[in-house]
Amino acid sequence: MLFTIYYVAATWIQSWRLNYLKNRVNEYLVRNASVVLYQVPEVDISSDASVEGGFTVQVPSVSSSYCINKDVAKLGDLLWNVGSKRVYSLFPKQIVDLSQWISFKDKGPSVFPINTDTDNTVEIDMENKIDVLIEAAFLDGQGPGEFAKIDSYGVLKAWKASAHFGLILETDMEHLARLGLCFLFGHPNIQDGMEIIRLETVSCSGYPCKLLNPDSIPMPRTIRQRPQENESGEEVDDGSMSRSSFTDIAAMSPMQWKSHIELLQNFSQAADETPSGEITLAADRSISVVPTSASPRRPEPSEALKDSLKALYNFKMDEDEIRLEVLKGITPSNGSSSKSPAKDVDAKKAEPKPNISLQDGALVVGEKPVAASSGPEPAKSISADAEKVKAKPDQGKQTGSLIPGDKEKSSDSIRSLGSASTASAKSGSPKGPGSATTSSKGSTSAPQDEDAFLTRKCPAPPLPQGSSPQHGKKPPNILILCTGSQDVAVQSKEALEAALQKHKYVLYSTTQAEVCSRTPWADNTSMLFTHGRLNGDMVKPILNYMSGSNDGAEGGRVWCVCPGAEFLRLLLPCPAFSNAKDSLESKGVVSYKQWKGLKLPHCSLGVRASDVPPTLELAKSQGKFNVTLKVLATEDTSHEPVLLLISSQSGAGKILISMVKLGTGSGESEQKCLEVMNDLLSSHLGLSASSSPSVPSSVSSSPSSKGGQGATFTNGYFLGRHELKLEFLSSIKDRLKENVLPINGGGLSLKFCQSIADIPKSGATSSFLPVLLHTCPPKFSTVEYFENLQTESIGRLVIYSRILTSTMNVLSGPVLHHGLAVIATQQTEGKGRSSNVWLSPEGCGMFSLQLVLPDTSYLGRHAPLLQHIIALSVVSAINGIPGCEELDLRLKWPNDIYAGNSDKIGGVIVNSTSTKNSLVCNVGCGLNISNSVPTVCVNDLIKNQNKSKGIVANKDGKGVAPLTVEKVLARTFNQLEKLIDAVQSDKVDKVMKLYYDYWLHSDAEVRVSFPSGQTQSGIITGIDTFGFLQVKPSGSSSVFTVHPDGNSFDMLQGLIIPKK
C-alpha cells in the first residue's frame, strides 16, 4: 500500500515537472529566445604547480562558446533552479554555424565519435522540431551518474570537439523536456568520460563536414549493451541506464583515452580549416580533408533567424546568397559561406588572461595566461579613443569589409551567471564619421551625423527674461538647532524622523551663529526646529523666515521647544509675556485632542493662557506684519499655555511654541508623544507626516546590519562580462586579503564571493558588503540595463546592491577601475555636495562612477567642468528617449537637475584625486525617476505630459510609458561617454552649446561680493572653461569669474569675486 502511494506520488511529481518544463521552455521559444540548462560549478579546481597555491579555477560561460552570437547574449529569466543546475532564458536566440562541424553516420550503429544506435528511429514532431546544443566535459576518469542514450531523444546531426565535446540534436518539446529532467535531477553522461554540462536550444545554419569512413576509426572507451526485454518482449528503455547495464569492451587506458580525445579534436581542427568538406582518416591516423565540389546552397534563413542575427551582422541580400558582413572584427570569406567567427577570433594574437586560483580557501588571481577567448581587448582610455578618432576621420566608413587591422571592440556577453549583457551599438564598428550604428534592438541604421547627440531635439519652453530657480517651494530640508546636550540632539532627530513621512525630508544640524549669519538658509529650509533656550539675536532671523521674503517665497515653519523666557519676551512683545520667567523643569500633565493626561517635562514661564492675545503685530527687518495666536493645549493644573501656535495673517508662515518636551526619552508616554508630534506637524505646520509613527528602537539586536529608517543592508552583485571581471580582480589582487578588499576612505570592506555559501553569517552591514560574482540580483533587471547600454567602458562593470550606506563609499579608496559603476536601489547615507545628504527612496536612480582621466587631457586639466558634463548627460539622455523630447528638464549651476525652474529632481557630486599620470574622479548622482517624494520625479512629468495630450500611457499603444531606473542609467552612461569623448576631442564649444540649452540662468541677476566687502548686483553671462560662474556686475563692462562662499544651501547666493 505504501509502495503504491509512493509510486503514485512519484509519478505525479514527475508528470508535473515534465509539464512545467515544457511550458516554460515553449514560452520563450515562441519569443525567439534560447533556453539554456547548465551546471553551475562550485569551483573547477585542477592542480597546477606553475600557479601560486597550485590551483587554477575555470568558470564556464552560460551561453556556449560554440554559438557565434554569444557576445550579444542577454540573460533573461531564471526558469528553474535545482541545486547547482539552472534553467535560464537567453536573448536573442543563439546560433550555431555547422559549416565547421562534422556530421554523424547516416545509418546503422556507430562507435565514433560516440556510441550510437542510429538504426533505432526516434519519432519526433517534425513540424515543431527543435535544435539542441549538448555540451559535455571531458573527464579524466569514470564520471558520476548514469549514461544518457542521446540518440533515444532525437536525431544526431553534427558534432565538434574542442575544450568540450558538443553535439547538435534535432528533437521536439516532449523529448527535450525528458532529457532536461534527466539533466536537472541527475548526472547524465554521453558515454563514460563525457559528462553533460549544458543543454541549449539554438538555431543552426550551414552544413557540417561529412565523415566518410567512421567505421575505420578505433572504438571509444565503452560500448553500450542493448537494453533487455521484459516478459512481454518489449524493450525497457527510458533513455538512461545505470553502469550495471553496460559492458566495458576494449576499455581504454588513461593514455589511450587522452589520445582518443586528441583525435576528436584533430578532426574538428581539420573541419575548421575546410568548412563543409569531406573528411577521411588514413591508416597512419592522418586526417585528410577534401572540399565538397558542389556544396549544397545554404538555406534561406528564417525571419526569426534574421532577427537574431541582426544584433551581430549587417545583412546584404545578393542574388544567390546572403553575405554576412561581421561587425565584430572578422572579415567574411568571398565564397558562398561565411567564415566562422570563432576561427578568426582564435587566430588573433592571444592576450594573456588572468586565472582565478584558490589558496587556503581564498580567492587569488594568478599570473598564468590561459587560452585566449573571443572577448575584447581591455577598454582604452577616453583620451586615447578620442585621439584615434581625430587622427583617422575616415575610419569606420562602411565598405565591403572591415578595415584590416581594426581591433575588436568591447561588447558584453554572458560569461557567467549574473553577467547578462548585450553588444553595444558602437562596439561593433569603429567610431568615426559615416560609421553605421546598430540600435539596441538590433536594427541597422544609415550613417548619421556623428554630432547629433550634441543637439537638443526639442527646445525647452522659454523662461522669463532673467529667470532663476524659483523659491515658491521650500526644498525638503529641516534644520535642527539644539542648545542642550548631544543626547538631546540625537533624541530630537530620532523623534522627527519617526514622525515625518519617510524619505520626504533631510535633517541637518545647525547652530545659532549660522542662523543669525548671512548664510542663505531661509529659502532652502522647510522647517527650523529648535530645542533649548535661545538668545535674543535669534528673534529677527526667525521672524524674517516665518514671514516670508519680499520676492514671493512662502513663509517658513518654526518649532521651538522650551526656547526660554528672554526669547519669548522679545518674540511676543505683549503684556502676557512681559513678565515671563524661567523656572526649574518639572513634570506637567497635558491634554491635547484625544491624547489625555500626558505626563511630560514642563518648562513653566508663569504665563496664563487667558492672557494670550488673539492677534499681535510683529516687526521684521523690512517692516511689520500681523500674526494670529492660538493656544492649542494647556497644563491641566496651572492652565499655562504649553502649545502655542503663531500664524502669519499674510502668508503660510507659522511658529509653534512648545513648553513641554515631546521627543523620545519622555518616559512611559513616548508613543503617545510621537503621535502628538505627528499631528502637530501635519495639522498645524503643514508638513507631510508619517501615516504610522512608531518609537525608534534605541538598541538594535544587530546595529551594524540596520540602516536609516530601519532598512536592512543587502548583498552586492558583480555584473559585467566575465573577462572584465577577471581583469578587475587581477588588478586588485595585491590588495585582497582572503577575498576581502578594504575601502579605507569609505569605512567599508568588500568580500568577493563565489556563492551565497561564502557569505559570513553576519551578512551585509554598514561596513561590510559581500559581492556575489556569479549571481543575478533579484531587484535589478540586468537584461534591460545591458540591452540599453552602448558604451565601451563606462558602466560595463557594475557593483549593485539593493540597500547600502552610500554608493560613493565603495569608490572612496584607491583606484579600482575606469568606468566602474556602483548602483543602489536605496541608500541609508546618501551623500550630497559638501556635508549635505541626498534622500534615497526606492525609485530614485542612484549611482557612482569612477572615471580615470589622463592628466594631460582637456578634462584632466579642467576637472571642475566634469560635474556639468555629468548633469548634462542625465538630462540630454532622458530627452533623447523617444517621446521624452518635450520634458522640461533644466540645469541649475553648478550641479542640480530641475524639472522646470521650481523643483529639484537630481544632483551631482564629484570628488577628484590626482595620481602620477591621471586624475581619478569619483562621480555620484541621484535622480528622481519614479519616486514622487520628496519633490517630483521624471515619471510624474511623463504622466502629466500624457494627461495634457489626453492620452493614457500604454493604452492603445499611445503615450509614453514610465521609465525604469535601468533604462535611464544605461542611457545616461551612453550619453556621458559620448560627451566626454567630445570634450576630449576639442568639441568643447558644441558641448557647452548643448549645456546652455538646458540651464536656468541666462541673464539672471545675482549679488556678488568684492574683496573690499562691497556687494553689487550683476548679470550671469555663463561659465568659464573650468565651470565657474561668470558675472557682469551692473554698470561694469568687465566680466568676473565668481566662486561660492562655501555655504551648503544655495551656491547662487553668497557669490564672491576672488582676489587677484
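Ordered by 1.4 Å accessible area with all protein chains kept, Ile870, Ile261 run largest first as Ile261, Ile870. For the range 144-193, run through the chymotrypsin sites (Phe, Trp or Tyr not before Pro) and keep only the ones in DSSP coil with at most 13 other Cβ atoms within 10 Å of their Cβ. Listed in order of number, the matching sites are Phe185.
In a fully extended conformation the segment linking Glu617 and Ser650 would gain 10.7 nm over its present Cα-Cα distance, using 0.36 nm per residue.
Would you please classify the overall shape of the range 492-584 from the alpha carbon gyration tensor, given that a ≥ b ≥ c denote the square roots of the eigenvalues, rounded means a/c under 1.5, and beyond that prolate means a/b larger than b/c while oblate covers the rest? Judged from the Cα gyration tensor, the range 492-584 comes out oblate (a/c at least 1.5, b/c at or above a/b). The fraction of accessible area contributed by carbon and sulfur in the range 502-607 is 51 percent, rounded to a whole number (1.4 Å probe; ligands and nucleic acids excluded).
For the pairs Lys540/Lys587; Lys74/Lys504; Lys70/Lys987; Lys502/Lys654; Lys93/Lys129, note any where the Cα-Cα span goes beyond 26 Å. In this structure, Lys540/Lys587; Lys74/Lys504; Lys70/Lys987 exceed 26 Å between Cα atoms. Taken one residue at a time, the phi angles of the range 167-177 give Karplus couplings (6.51, -1.76, 1.60, θ = phi - 60°) of 9, 9, 10, 8, 9, 10, 5, 4, 5, 5, 4 Hz. Gly and Pro are set to x.
For the residue pairs Lys105/Lys210; Lys725/Lys779; Lys457/Lys978; Lys160/Lys258; Lys593/Lys672, alpha carbon separations beyond 18 Å are given by Lys725/Lys779.
At the residue level, Leu629 shows approximately 10 square angstrom of accessible surface with a 1.4 angstrom probe and all protein chains present.
Heavy atoms of the protein chains alone define the surface here; on that basis the range 76-140 has 40 Å² accessible area per residue at 1.4 Å probe size.
Each of Leu618, Leu584, Trp595 was placed along the dipole of the range 565-660 (beta-carbon charges, centred on the mean Cα), and the one lying farthest toward the positive end is Trp595.
Got a number for carbon plus sulfur as a percent of the range 929-983's accessible area, 1.4 Å probe? Solvent-exposed carbon and sulfur of the range 929-983 make up 51 percent of the total. Taking all protein chains together and a 1.4 Å probe, the residues Glu123, Glu146 rank Glu123, Glu146 from largest to smallest accessible area. Please calculate how many Å² of accessible area the range 760-902 carries per residue, with a 1.4 Å probe and no DNA, RNA or ligand atoms counted. Per-residue accessible area for the range 760-902 comes out at 25 Å².
The values are calculated or read from the model by the stated rules, or taken from the named source; none is laboratory data. Every value quoted in this text rests on a predicted model; they were computed, and no experiment measured them. No Cβ is skipped: glycine too gets one built from the backbone with ideal geometry, and neighbour counts run over all protein chains shown. To get the accessible areas, we keep the full protein, side chains included, count just its heavy atoms, and leave off ligands, DNA and RNA. Shrake-Rupley method; radii C 1.70, N 1.55, O 1.52, S 1.80 Å.
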